[in-house]
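Here the structure is laid out as structure tokens; the discussion comes afterwards.
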Amino acid sequence: MKIAFISTRGIPNNYGGFEQFAEYISVGLAERGHEVTVYSPNFHPYQESEYKGVRIKHIYSPETWMGSSVGSFFYDFSSLKDALKKEDFDIIYEAGYTSIIPAYIWFNVKKRKRPIFTTNMDGLENKRSKFSPMVRRFLDWEEKMAVKYSHYLIADNMGIHDYYKEKYGKESKFLAYGADIHDNFNPEYLKEYELKPEEYYILIARLEPENNIVMAIEGYLHSKENGHRPLIVVGKTNTPHGKELVAKYGNEPNVRFVGGIYDFKKLDSVRHFSLAYFHGHSVGGTNPSLLEAMAAGCFVFAHDNIFNRAVLKDNALYYPTVEKVTEYFDNIDTIAENSKKTFTTNNIEVIRNEYSWEHLVDEHEKYFYWLLEQNKR
């Protein structure tokens, strides 16, 4: 098959979730003999035309001087134009819809028999509180257009799948992200942060309102654990909400903002040795950082919503309110003694059986073959 991945910031992964996905799946498919192309912006640090058997097409993006919010529209338009005018793909995999919709409409992709367009709908972008009401209305329109113009939809979480089925009557294919299971955790990494194994709590997230960081912090501050074991917040603090959080809680001696940790081995070790991991994401699909926490053997406490429950099922404790977070902290030793070993063991098995990258390469390959079969009818 000739397959293209469009709308990522390129491979090898130098940015985030879609890029990590694109790297693992594209390389896995290329190893099986498929002709795979990943579109990359011209400013990506990797400038070769091939990566582990995957062809890379570098497309000019004005993001560096125009900003990602606007620049990504031009980058996606140019990428799709190249894919349609200069290439002969069987399938185009579109990673997210927020900046491709003008190109979808301009090229009227719904009317094209070939290539087949399948769009990963990502999270509920129009529900993200960091956006203004006007931007959310625009995203709501884009969501409708993505459903209208895509040949097929992909959902990375069953909660997302159910949302599109209920709202639009549109089926989507559930295909998740993946994670690797490691066992090379090193407690030496904790010394940099003056931490000891099992003597701290951790929260890792982009510091945005919909990730419910305030809920976790307030729950901690009102608990008996405040002053005992610290709460470590990992994530860049230069976002508007990040700056608000630091201004409000930065002087709390037991709430520590350590910024982003970009060395994966270090981050994974800091994750693994925590007493508990708090995951507050509430509007996305399957969050890659949650899968990584599960793979690292974290004892997960998660915001109570359909997306987190779809992944964690009965292997986590859920909190809908600040008060529930406080209750968990106040009883953490008993809770950990009763549940931590069972939950962490079960989550690692879930990763091994449902979210391993090899399994997901299998699932994507089957799905792409299925798309070609549908197109013959």
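Observations on the structure shown:
- Restricting region 150-174 to residues that are open to solvent by 30 Å² or more (accessible area, probe 1.4 Å) and of a type in the set (S, T, Y), the residue that is farthest from N305 (Cα to Cα) is Y152.
- So A103, is it closer than 27 Å to D263 by Cα and hydrophobic (A, V, I, L, M, F, W, C): no
- A residue that is charged (D, E, K, R), part of a loop (DSSP other than H, G, I, E, B) and open to solvent by less than 50 Å² (accessible area, probe 1.4 Å) occurs somewhere in region 223-243.
- Answer from A293, A302 - the residue that is in a helix (DSSP H, G or I) and out of contact with any Pro (no Cβ under 8 Å at 6 or more places or on another chain): A293
- The listed residue being at pLDDT 95 or above and open to solvent by 10 Å² or more (accessible area, probe 1.4 Å), out of F131, F107: F107
- Within region 90-104, the residues that satisfy the criterion of being buried (at least 16 other Cβ atoms within 10 Å of the Cβ), under 28 Å from G284 (Cβ atoms) and of a type outside the set (G, A, S) are I91, I92, Y93, E94, Y97, T98, I100, I101, Y104.
- When W370 is tested against (1) closer than 18 Å to L175 by Cβ; (2) buried (at least 17 other Cβ atoms within 10 Å of the Cβ); (3) at pLDDT 95 or above, only condition (2) is not met.
- Residues located in region 78-103, provided they are aliphatic (A, V, I, L, M) and outside any loop (DSSP other than H, G, I, E, B): L80, A83, L84, I91, I92, A95, I101, A103
- Checked against (1) in a helix (DSSP H, G or I); (2) more than 23 Å from L175 (Cα to Cα); (3) open to solvent by 40 Å² or more (accessible area, probe 1.4 Å), R309 passes all but condition (2).
- Complete set of residues in region 147-190 that are under 30 Å from K265 (Cβ atoms) and assigned to a helix (DSSP H, G or I): P187, E188, Y189, L190
- None of Y177, Y200 is in contact with a strand residue (DSSP E or B) (Cβ under 8 Å, 6 or more places away or on another chain), open to solvent by less than 60 Å² (accessible area, probe 1.4 Å) and among the hydroxyl-bearing types (S, T, Y) except Y200.
- Filter result for E358 (charged (D, E, K, R), closer than 24 Å to Y177 by Cβ and in contact with a helix residue (DSSP H, G or I) (Cβ under 8 Å, 6 or more places away or on another chain)): yes
The values are calculated or read from the model by the stated rules, or taken from the named source; none is laboratory data. Computed from a predicted model, the values in this text were never measured in an experiment. FYI the Cβ positions are ideal-geometry reconstructions off the backbone, even for glycines, and counts take in every protein chain you see. The protein model used for the area step is the full one, side chains on, heavy atoms only, and it has no ligands, DNA or RNA in it. Shrake-Rupley method; radii C 1.70, N 1.55, O 1.52, S 1.80 Å.
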